[in-house]
Amino acid sequence: MAESRKRAVVTGAGSGIGAATAKLLMAQGWQVICLDRDLEAATKVAGGGPVITLDVSDEAAVIGAFERVKDIFGELDALATCAGIFETTPFFEITAEKYRRIHDVNVIGTFLCLREGARLMRAGARICTVASVAGLRGGGLSGTAAYASSKGAILALTKNAARVLGPKGIAVNTVAPGVIETPFVAGPLAEPGTRQRLEGLTSFNRLGTPDEIAETICWLLSPSASYVHGATLVADGGMVMY
């Protein structure tokens, strides 16, 4: 990919996996626009680069954000949809309202960014969504029904986007992380015994880091993954083997 075409958007760029991905892309020479609800956090990550405040569940806001991306970049070569929210409400206690909110952000938000980002892409561009092993396992870690089903939906959505965009030369893949040390899961990990249980589900007996997932995402966005398409790359320390 030529230097002049290395233009990427990262959603959820203010913290966790999104922040690590944006930083790594910039370190690799990409021009990056950071999108996040938290303008201050995204601005710190961007290091002087462009930042757009965005609630990915708001369709009009997503359309407006990618119009700004078009104004800044013209075209887009890569998109990483890292924005998402975590949910641990037990099965019998979660309300329909809360369930919808999780899906609004995690599923609808991912779809809207895929749709609008792809409008700015041509052949050779690449997209990476962020699912979770919760979507493969049906939960059983910390996130429960709403979270697990939302991440399972992202797995299916990514494959559908790959079917639609592949003929246009746009590659679409997803990464499915295991439990990663982010502010996302700080609450559950602080509960007695939770960290030990989750670490014990991996072969490495440790949790992953945002930087490790960022490396995976950046590889899927790179020319090195030129023939990888419609795939789910699991990065969980061996958790789903068991």
For E75 and Q28 in one chain, what is 0.36 nm times their gap in residues minus the Cα-Cα distance, to one decimal in nm?
15.0 nm
Cα-based Lys pair tally, the chain, threshold under 17 Å, eight or more apart or on separate chains:
6
Computed over segment 3-234, the distribution of all Cα-Cα distances in 10 Å bins, rounded to whole %, is 8, 35, 38, 16, 3, 0
What are the extents of the Cα atoms of segment 38-128 along their three principal axes, in Å, largest first?
47, 30, 22
For segment 143-242, using Cα atoms only, the Rg and Dmax in Å read 15.3, 50
Can you tell me the alpha carbon radius of gyration of segment 41-85 divided by the globular rule-of-thumb value 2.2 N^0.38 Å?
1.18
Quick one: Kirkwood hydrodynamic radius for segment 120-183, alpha-carbon pairs, angstrom, one decimal?
12.5
Only counting other Cβ atoms within 10 Å, I'd like E93, E59 sorted with the fewest neighbours first.
E93, E59
Whole angstrom only: what separates the Cα centroid of segment 80-122 from the Cα centroid of segment 144-170?
11
Per residue of the chain, what 222 nm ellipticity follows from adding -39500 (n - 2.57) for every DSSP H run with n ≥ 4, rounded to the nearest 500?
-12500 deg cm²/dmol
In a GNM of the chain with a 10 Å cut-off on Cα contacts, which of S203, S132, S150 has the highest mean-square fluctuation?
S203
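Read-outs: derived from the displayed coordinates by stated rules, not from any lab. Since we're looking at a predicted model, the values are computed, not measured. Cβ coordinates were reconstructed from backbone atoms using ideal geometry, including for glycine residues, and neighbour counts include every protein chain displayed.
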